[in-house]
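One structure below.
The values are calculated or read from the model by the stated rules, or taken from the named source; none is laboratory data. Predicted model, so just to flag it, every value in this text is computed and none were measured. Here the Cβ positions follow ideal geometry from the backbone for every residue, glycine too, while neighbour counts run over all protein chains shown.
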Amino acid sequence: MINDFICPYCKGHLKVGDHIVFTVRNRYKHKGLLMLHPEIGNYTSVKHPDFDFCEGEQIDFYCPICSHPLESDFDSNLVYVILVDEGKKEQDIYFSRIVGERSTYLVKDDMVTATGEHASRYTYFKMDDRFKRYIKR
């Protein structure tokens with residue numbers, strides 16, 4: 001399956017080669033690039049070796065094109081981007097921006113697929129339609 005990832009604000013393409021590219025900022029306000037694996041549930045990443053994160057640290061994610069913050073509207077611990085599947089259908093992707101926390105949510109139509117060992121921390125994804133008022137379509 002070939003998926004693309006776009007910024008929900010400028011609609012710019014975030015996937016380059018085999019990675020999704022973000023501008024990020026750590027707790028010391030140092031900026032860098034972070035490249036994530038595009039497969040849902042694969043938490044491998046690439047960054048410069050001198051750009052450090054600490055376990056449990058909240059990382060700020062930005063679109064590398066328009067610089068807009070990618071923080072979710074309904075939870076400050078989640079990042080929001082759009083996945084475009086092979087059929088050109090857009091789906092919402094939310095993932096944790098806490099270092100070491102593995103939780104990703106794919107929202108497609110009325111279905112939510114939660115992935116990652118920490119996915120149960122964000123229980124509102126299990127609350128039927130109540131959280132959907134926050135999801136951008």
inquiry  = With the requirement that a residue be modelled with pLDDT of 55 or more, out of contact with any Phe, Trp or Tyr (no Cβ under 6 Å at 6 or more places or on another chain) and not in a loop (DSSP other than H, G, I, E, B), what does region 119-137 give you?
reply    = Ala119, Ser120, Arg121, Thr123
task = Filter region 62-105 down to residues that are touching a Cys at 6+ places or on another chain (Cβ under 9 Å) and not in a loop (DSSP other than H, G, I, E, B), then give me how many there are.
result = 3
inquiry  = I'd like to know if region 6-17 contains one or more residues that are under 11 Å from the mean Cα position of the chain (by Cα) and free of Cβ contacts under 8 Å to residues at least 60 places away in the same chain.
reply    = no
Filter result (closer than 14 Å to Val84 by Cα and in contact with a Phe, Trp or Tyr (Cβ under 9 Å, 6 or more places away or on another chain)) within region 1-36 = Pro8, His13, Leu14, Lys15, Ile20
inquiry  = So the check is Cβ under 9 Å with 6+ separation or different chains; which pairs have a first residue in region 54-67 that's touching a residue at least 40 places away in the same chain (Cβ under 8 Å) and a second one that's among the charged types (D, E, K, R) and part of a strand (DSSP E or B)?
reply    = Ile59/Arg25; Tyr62/Arg25; Tyr62/Lys31
query = Can you tell me which residues in region 15-47 are out of contact with any strand residue (DSSP E or B) (no Cβ under 7 Å at 6 or more places or on another chain), of a type in the set (S, T, N, Q) and crowded, with 16+ Cβ neighbours inside 10 Å?
reply = Asn26
Residue match in region 101-109 (condition: of a type outside the set (A, V, I, L, M), buried (at least 17 other Cβ atoms within 10 Å of the Cβ), modelled with pLDDT under 95 and within 15 Å of Ile20 (Cβ to Cβ)) = yes
Test: residue in region 50-59 that is over 11 Å from the mean Cα position of the chain (by Cα), over 18 Å from Lys11 (Cβ atoms), assigned to a strand (DSSP E or B) and at pLDDT 90 or above = yes
query = Could you count how many residues in region 106-118 are without any contact (Cβ under 8 Å) to a residue 24 or more places away in the chain and either part of a strand (DSSP E or B) or closer than 22 Å to Asp52 by Cβ (or both)?
reply = 5
Failed condition for Gly41, given (1) in contact (Cβ under 8 Å) with a residue 24 or more places away in the chain; (2) outside any loop (DSSP other than H, G, I, E, B); (3) under 12 Å from the mean Cα position of the chain (by Cα) = (2)
ask   = Do we have Cys54 as under 11 Å from Cys7 (Cα atoms) and not small (Gly, Ala, Ser) here?
value = no
